[in-house]
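Down below is the structure, laid out as structure tokens.
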Ligand code: ADP
Ligand code: MG
């Protein structure tokens, strides 16, 4: 299997804000380097710039989060009224009524897509603020498996858990960990449309606790593997492309790492590594 660890995305703030010289040029002003020598204290200038980037990033992130939140309520009102309208109309078989029915179905479908996208977006926005508690990873994974088992069975996926009974504790947010597991399991499920095997494993290694999620699905080519953690990258017609970026953000907020090995036609393995708490050692 070829593999990759996660790599940092280019900073969103950096993409949104051009460097000082470029900004000046866009504003029709001479670039600072055209008129004046570089300031002597470059580290002070760099720290000014990074402070400005940080402020602008925070502002834009707050705006985007607020907007998503504000969109959610009217959208669910639209969806609810649409459902009621469909019930009230009781469309019959004549061609005109059939056409109306198809249009309403399209609107409902698009509404659902927007609701899913907003949900994924808000999950991504909240993923970086863990409420850390000292917990046994195997126990949390076992709870998740109990919860996920019926869905797996319905998709003809055979779960095979291998959970170590003697893990050192980790500092983890149980709700966010569940989100990590759900995203990895759903991706595995979508990679096995005709069913397959999903192995979930926990183990301790070198002062760290590992979680492995291994599927027997379609795997992915190198070009996909290299872009896995890019925001909005998806190969699925209705994918938001926010699942793995959310997973990565959560893992990073736990001082962990995530790696992926995959072989087209054979399957995929995600490995999350978390630091064990010192109290155990
Ligand atoms: P989405 O599921 O909405 O497409 P994700 O961020 O969860 O977004 O995943 C990004 C892409 O990574 C997927 O579209 C898919 O191409 C690929 N991928 C993720 N997990 C797997 C997996 N277990 N097997 C094969 N491909 C995967
Ligand atoms: Mg996904």
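The values are calculated or read from the model by the stated rules, or taken from the named source; none is laboratory data. Just so we're clear, the structure is a prediction, and the values are computed from it rather than from any experiment. Note that each Cβ is placed from the backbone with ideal geometry, even for glycine, and that neighbours are counted across all protein chains shown.
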(Q) Please verify whether residue 138 is on the phi < 0 side of the Ramachandran plot and surrounded by 14 or more Cβ atoms within 10 Å (Cβ to Cβ), treating the condition exactly as stated. (A) yes
Q: Tell me which of these residue 166 doesn't satisfy, since it passes every other one: (1) assigned to a helix (DSSP H, G or I); (2) in the same structural domain as residue 257 (by TED's automatic domain parsing).
A: (1)
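If I filter segment 99-135 down to residues being touching a residue at least 60 places away in the same chain (Cβ under 8 Å) and in contact with a strand residue (DSSP E or B) (Cβ under 8 Å, 6 or more places away or on another chain), which single residue comes out as surrounded by the most Cβ atoms within 10 Å (Cβ to Cβ)?
Here the answer is 130.
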Q) Within the set of pairs 6+ apart or on separate chains, which have a first residue in segment 239-251 that is touching a residue at least 40 places away in the same chain (Cβ under 8 Å), a second that is part of a loop (DSSP other than H, G, I, E, B) and near ligand 2 (Cβ under 9 Å from one of its atoms), and C-beta atoms under 7 Å apart? A) 240/234
(Q) Take the residues in segment 120-148 that are over 26 Å from residue 201 (Cβ atoms) and part of a helix (DSSP H, G or I); name whichever of them is nearest to ligand 1 (Cβ to nearest atom). (A) 120
Q. Which one is farthest from residue 120 (Cα to Cα) among residues in segment 220-234 that are within 15 Å of ligand 2 (Cβ to nearest atom) and out of contact with any helix residue (DSSP H, G or I) (no Cβ under 6 Å at 6 or more places or on another chain)?
A. 220
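Residue by residue, here is whether (1) within 22 Å of residue 201 (Cβ to Cβ); (2) crowded, with 20+ Cβ neighbours inside 10 Å; (3) within 13 Å of ligand 2 (Cβ to nearest atom); (4) assigned by TED's automatic domain parsing to the domain that holds residue 182 holds:
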| position | (1), (2), (3), (4) |
| --- | --- |
| 236 | no, no, yes, yes |
| 248 | yes, yes, yes, yes |
| 256 | yes, yes, no, yes |
| 263 | yes, no, no, yes |
| 268 | yes, yes, yes, yes |
| 271 | yes, no, no, yes |
